[in-house]
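Heads up, the thing below is written out as structure tokens.
The values are calculated or read from the model by the stated rules, or taken from the named source; none is laboratory data. Note that the coordinates shown come from a computational prediction; the quantities given were computed from them, not determined experimentally. Note: ideal-geometry Cβ built from the backbone for every residue, glycine included; neighbour counts use all protein chains shown. Calculation scope for accessible area: heavy atoms of the full protein, side chains included, ligands and nucleic acids excluded. Shrake-Rupley method; radii C 1.70, N 1.55, O 1.52, S 1.80 Å.
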Amino acid sequence: MTFLARPIYACTQVTLSRLSPEGAPIIFLDTIKIGEDDFEPNASGITVILRMYETFGGHGFVKLYVGKHVPVKCAYVTNILKDTKGELGLVSTTRVHSTLKLEFRSFEVKTVKLLLEIEGSDIPV
């Protein structure tokens with residue numbers, strides 16, 4: 001796969017190895033990808049899109065741990081087209097990671113957009 005910019009590649013490599021969900025085993029983290037708008041000239045930053053869903057018709061909670069080396073500036077819940085619906089609280093719980101807490105209803109699909117802060121981070125570019 002060819003990437004247009006090295007910072008995007010570096011952020012994706014770090015993010016893939018630094019996300020871990022915990023909670024209801026019926027909620028799956030299915031997709032991790034770069035925001036499609038990141039390739040536009042007027043892009044507001046580097047984003048990582050996460051898609052999760054509840055699989056068995058129940059409900060549950062999940063905590064998504066984001067490693068400290070992933071420089072998340074803010075997190076948003078979006079619709080399936082990635083239009084922002086609201087900001088999520090990213091809680092810094094330890095020096096090791098930050099946490100996003102999400103609640104799921106029956107068969108619900110959630111899309112989360114993480115806006116990354118590249119300047120001043122320790123991500124190799």
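Table for the structure above
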read-out: Net charge over other residues, Cβ less than 14 angstrom from the Cβ of Thr47 (K, R count +1; D, E count -1); value: -2
read-out: Net charge, Val77 excluded, C-beta distance under 13 Å - Lys, Arg +1, Asp, Glu -1; value: +2
read-out: Environment charge at Val91 (Cβ cut-off 11 Å; Lys +1, Arg +1, Asp -1, Glu -1); value: +2
read-out: Within the accessible area of region 27-105 (1.4 Å probe), percent carbon and sulfur; value: 51
